[in-house]
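Engineer: Pasting a structure here, questions to come.
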Amino acid sequence: MTSTPLDGSSLDGKVALVAGATRGAGRGIATELGAAGATVYVTGRSTRAARSEYNRPETIEETADLVTRAGGTGIAVPMDHLDPAQTRALVERIDREQGRLDVLVNDVWGGEHLAQWDTPLWEHDLDAGLRLLRLAIDTHIITSHFALPLLIRRPGGLVVEVTDGTKSYNDANYRVSFFYDQAKSAVIRLAYAQAHELREHDATAVALTPGWLRSEMMLDVYGVREDNWLDAAKVQPHFVISETPRYVGRAVAALAADPQVARWNGQSLSSGQLSREYGFTDLDGSQPDAWRYLVEVQDPGKPADATGYR
């Protein structure tokens, strides 16, 4: 195990951009980067003035407040990463205000409401499927296109492509919908390609997946809150392996603080894998390893039991 201190000063002076930070993994990542002392620009389409098509209550301003309360500096930028002009303006603002970018987290997603689960390609709404791909892939490409020149200005930059599933798991399993399957596997390849191009600039790119995420939306699906989340296991027993968004956030903070992060360049990583490497835990002190659990317990049809997996 490599121990990396996750404290309020490990990322002092560092500047991060978490693209897609209104809720879920993006919010958890931004908060933990703030807890490590970083200045974090957080972007999203849901604001206190207007909601995105998700029509949910979380706002990007709330995320910035969480970053600041955690100990960092949170800066909310309402925007759409499908718009190149807005994305260019964001990076120009970061350059003007900070003169550097150390960490880029591509977490833009926004596709749950567009996916028709267990529906074959020929029956899936085509417009919805193509928009899902644009939200999941084009946003990441557009953001990296404009942000990478600033990130490589200093050595040691880090790009994190957030997805769902490790490469080994996604290569071996159909991911519930044709369009979802393509989106989540493509993001892993985005990280691999960027890693190849960034290597000569002393920068690192990785793909990172949380496990079964207890996002705000997922808690709502099961009608529970974070303080009584285990009640959801009465409906879905395998929910016992779930994790908070802060867990994957701590994974990103650990990577960003690791002076030898280049050893991960181009790899597909998970929150559970990195918790064992760096020694961090979820908020409850556990270390859930969802992707090993899925392969060894859930997918073979064994009874739900997280013993030995968290």
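Please treat every number below as a calculation from the coordinates, not as lab data. Just so it is clear, the model here is predicted, and its values are computed rather than measured. Using ideal geometry, Cβ is built from the backbone for each residue, glycine included, and neighbour counts are taken over all protein chains shown.
Engineer: Calculate the spin-label point distance for Asn173 paired with Val221, positioning each point 7 Å from the Cα along the beta-carbon direction, and give it in nanometres.
Structural biologist: 1.3 nm
Engineer: Starting with the highest mean, order 180-192, 229-241 by the number of other Cβ atoms within 10 Å, averaged over the residues of each peptide.
Structural biologist: 180-192, 229-241
Engineer: May I pose another question? Any idea what Rg and Dmax come out to for region 190-250 if you just take the C-alpha atoms, in Å?
Structural biologist: Spelled out, the Cα radius of gyration and Dmax of region 190-250 are 16.8, 51 Å.
Engineer: What per residue convex hull volume, in Å³, comes out for the chain when only alpha-carbon positions are used?
Structural biologist: Enclosed volume per residue, from the Cα hull, is 128 Å³.
Engineer: Using the Kirkwood radius built from alpha carbon pairs, what does the Stokes-Einstein equation give as D for region 194-310 at 25 °C and 0.890 mPa s, in µm² per second?
Structural biologist: In µm²/s, the coefficient rounds to 161.
Engineer: Give me Rg over Rh for region 130-217, both radii from the alpha carbons and Rh done the Kirkwood way, two decimal places.
Structural biologist: Result: Rg/Rh = 1.00.
Engineer: Give me the tail of P(r) for region 73-133 as a percent: Cα-Cα pairs with distance above 17 Å.
Structural biologist: Across region 73-133, Cα pairs with separations above 17 Å total 55 percent.
Engineer: Below 8 Å, C-alpha to C-alpha, sequence gap of six or more: please give me the relative contact order for region 84-168 in percent.
Structural biologist: Rounded, it is 47 percent for region 84-168.
Engineer: Suppose the chain between Glu123 and Gln260 were pulled fully straight at 0.36 nm per residue; how much longer would it get relative to their current alpha carbon spacing?
Structural biologist: The Glu123-Gln260 span can extend by a further 44.6 nm.
Engineer: Which shape class, rounded, prolate or oblate, goes with region 250-310 when its Cα gyration tensor gives a ≥ b ≥ c as root eigenvalues, a/c under 1.5 marks rounded, and past that a/b bigger than b/c marks prolate?
Structural biologist: It comes out oblate by the Cα gyration axes.
Engineer: Which one, Ser268, Val248, Asn228, projects farthest toward the positive side of the charge dipole computed for region 172-304 from Cβ point charges (K/R +1, D/E -1)?
Structural biologist: Ser268
Engineer: Over all distinct alpha-carbon pairs, what is the Kirkwood Rh of region 126-282 in angstrom?
Structural biologist: With all distinct Cα pairs of region 126-282 included, I get 16.8 Å.
Engineer: Measuring from label point to label point, each 7 Å out along Cα→Cβ, what is the Ser286 to Arg88 span in nm?
Structural biologist: Here the answer is 4.8 nm between the modelled labels.
Engineer: Highest GNM mean-square fluctuation, the chain, Cα pairs closer than 10 Å: which of Thr31, Thr47, Thr22?
Structural biologist: The residue that fluctuates most here is Thr47.
Engineer: If I model a spin label as a point 7 Å beyond the Cα along the Cα-Cβ vector, how far apart are those points for Arg96 and Thr307 in nm?
Structural biologist: Spacing of the two 7 Å Cα→Cβ label points: 6.0 nm.
Engineer: Additional query: How would region 78-205 be classified by its alpha-carbon gyration tensor: rounded, prolate or oblate, with rounded meaning a/c under 1.5 and the a/b versus b/c comparison settling the rest?
Structural biologist: oblate
Engineer: Net charge near Ser286: determine it from the other residues with C-beta under 13 Å of the C-beta of Ser286, scoring Lys and Arg +1 and Asp and Glu -1.
Structural biologist: +1
Engineer: Moving on to the next point. Considering the alpha-carbon set of region 1-142 alone, what are its Rg and its Dmax in angstrom?
Structural biologist: 16.3, 52
Engineer: At a threshold of 8 angstrom on Cα-Cα distance, excluding pairs fewer than six apart, so keeping six or more, what relative contact order does region 207-310 reach in percent?
Structural biologist: Normalised by residue count, the contact order of region 207-310 is 33 percent.
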